[in-house]
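Q: The structure's right below; bear with me while I get my questions together.
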Amino acid sequence: MASILVHITHGPEHPTRAALGFHVAKAAIDEGHSVTMFLAGDGVQLMRDGAIDNLSGLGTGNLRELYDAVVAAGVKIYLSGMSAKSRGLTEDDLEGKPYEFGLPRDLVRLAVEHDRMFTY
């Protein structure tokens, strides 16, 4: 099986693209692939409860269901620390969520280490 990196830079302002990243991550998991996610730019806002609970993309499904499936599968989720800080994500927004802050160099390292990378 392959290792897949899903990089999401779109947030609630583009619900279909944002949810599609999680949808593809879930599909890869369902096919038995190893998945890692890196949320950057507006994509970090997808970790807010309001987005998780209310975002739905056209034809891509409900973010809550997709997020829960990704988390249940133990997917490692990186958040751009700079993006989170500049968008005001707080410890309260991230409480109880599995994540690790990452830097651009981490994204580059992950891209090189994985077999495939999908960007949304």
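Q: Once fully extended, how much extra length lies between Asp106 and Ala2, figured as 0.36 nm per residue of separation less the alpha-carbon to alpha-carbon distance?
A: That pair, Asp106 and Ala2, stretches by 35.5 nm at full extension.
Q: Taking the Cα centre as origin and putting +1 on Lys and Arg beta-carbons and -1 on Asp and Glu beta-carbons, what dipole magnitude results for segment 3-119, to the nearest 20 debye?
A: 320
Q: Same structure, new question: Tally Lys and Arg at +1 and Asp and Glu at -1 over the other residues with C-beta under 10 Å from the C-beta of His33: what net charge comes out?
A: Local charge sum for His33: -2.
Q: Here are some values of Cα extents along the principal axes in Å: (1) 46, 26, 24; (2) 69, 31, 23; (3) 36, 33, 24. Which one was computed from this structure?
A: Answer by label: (3).
Q: Further question: In whole Hz and in residue order, list the ³J(HN,Hα) couplings for segment 80-97 that follow from phi through the Karplus curve 6.51 cos²θ - 1.76 cosθ + 1.60, θ = phi - 60°; x for Gly and Pro.
A: Once θ is set to phi - 60°, the couplings for segment 80-97 become 5, x, 5, 5, 4, 5, 5, 9, x, 5, 10, 4, 5, 4, 9, 4, x, 9 Hz.
Q: Excluding Ala111 itself, calculate the net charge of residues whose Cβ lies under 15 Å from the Cβ of Ala111, where each Lys or Arg counts +1 and each Asp or Glu counts -1. Write out the running numbers ahead of the final one.
A: On the way: positive: Lys76, Arg105, Arg109, Arg116; negative: Asp106, Glu113, Asp115.
Net of charged neighbours comes to +1.
Q: What list of ³J(HN,Hα) couplings, whole Hz, do you get for segment 21-32 from phi and the Karplus terms 6.51, -1.76, 1.60, once you set θ to phi - 60° and write x for glycine and proline?
A: x, 5, 4, 5, 4, 5, 4, 5, 4, 4, 8, x
Q: Then there's this: Spelling out what I want: for every residue of segment 7-16, take phi, set θ = phi - 60°, compute 6.51 cos²θ - 1.76 cosθ + 1.60 (Karplus), and round to whole Hz; glycine and proline get x.
A: Whole-Hz 3J(HN,Hα) from phi for segment 7-16: 10, 10, 10, 9, x, x, 5, 10, x, 5.
Q: Which cross-chain or sequence-distant (5 or more) residues have an amide H under 5 Å from the amide H of Val6, H modelled 1.01 Å from N in plane?
A: The answer is Thr36, Met37, Phe38, Phe118.
Since every read-out is calculated from the coordinates, none of them should be taken as a lab result. Every value quoted in this text rests on a predicted model; they were computed, and no experiment measured them. All Cβ positions, glycine included, derive from the backbone under ideal geometry; neighbour counts span all protein chains shown.
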